[in-house]
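Here the structure is laid out as structure tokens; the discussion comes afterwards.
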Amino acid sequence: MIVGVPREIKTAEHRVALVPAGAESLRGDGHTLFVEQGAGMGSGFPDDAYRAFGATIVPTAADVWARSEMVLKVKEPVEPEWPCMRKGQVVFTYFHFAASEPLTRAVIRSNIVAIAYETVQLPSGELPLLTPMSEVAGRMAVQEGAKYLESTWRRCTAAAASCWVACRACCRPRC
């Protein structure tokens, strides 16, 4: 199969759908691999790392989409990518269809084979591609909460200090 990996263009997305070790595995199984120039840079993987494992680096996302039977992405295709999707092409990514009716309609119109990471299920019922995301989200929730508590605590302590100074100035304890 001819597999392609375009650079992610969604705002603030720097991940890449395939690391060089994955390229090695796909090439070892006889697949052809096209990677857009710079696709791995946001994740710390230079083009040469993909080249070393037999991937062909192509200059544009349009080249990846045009040459590939299957396109691997991290995030759902964004509007500028929709015209690149073509009938019968497999696109494997997180689609989040419930969050975007326009994306859903674009996928239906394109007649691609859309495989959403979030729907891949093992016979046990486990969602193996969502599990790592859930684990990361669980860990990040604690850090995000701490960040907001810290900023709230700073505001509260600053307000309390101001109140204490004001209370002391008039000699009537209020706080």
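We did not get these values from a lab; they are worked out from the coordinates using the rules stated. Just so it is clear, the model here is predicted, and its values are computed rather than measured. Cβ coordinates were reconstructed from backbone atoms using ideal geometry, including for glycine residues, and neighbour counts include every protein chain displayed.
Using the Cα centre of the range 1-114 as origin and beta-carbon charges of +1 (Lys, Arg) and -1 (Asp, Glu), tell me which of T104, V74, M41 is placed farthest towards the positive end of the dipole.
T104
What does the helix-only formula give at 222 nm for the chain: each DSSP H stretch with n ≥ 4 adding -39500 (n - 2.57), the total divided by the residues, and the result rounded to the nearest 500 deg cm²/dmol?
-13000 deg cm²/dmol
Please give the peptides 16-29, 42-55 ranked by average Cβ packing (other Cβ atoms within 10 Å per residue), highest first, as a rough proxy for protection. Let's see the in-between values first.
Values: 16-29: 17.7, 42-55: 16.1.
Taking the mean over residues of other Cβ atoms within 10 Å, the ranking is 16-29, 42-55.
What size of dipole, in debye to the nearest 20, comes out for the chain about its Cα centre when the only charges are +1 on Lys and Arg C-beta atoms and -1 on Asp and Glu C-beta atoms?
Roughly 1020 debye, rounded to the nearest 20.
Sort 2-12, 68-78, 140-150 by packing, meaning the average of other beta carbons within 10 Å per residue, with the highest value first. Working shown, then result.
Details: 2-12: 18.6, 68-78: 20.8, 140-150: 10.1.
Ranked by mean Cβ neighbours within 10 Å, highest first: 68-78, 2-12, 140-150.
Given all pairs of different Cα atoms, what value in angstroms does the Kirkwood hydrodynamic radius of the chain take?
One decimal place: 19.2 Å for the Kirkwood radius.
So how tilted is helix 131-170 from the main axis of the chain? Cα-based, degrees 0 to 90, rounded to 10.
With both axes taken from Cα atoms, the answer is about 20 degrees.
Around M41, under 15 Å between beta carbons, what's the net of Lys plus Arg minus Asp minus Glu among the other residues?
Surrounding charge for M41 is -2.
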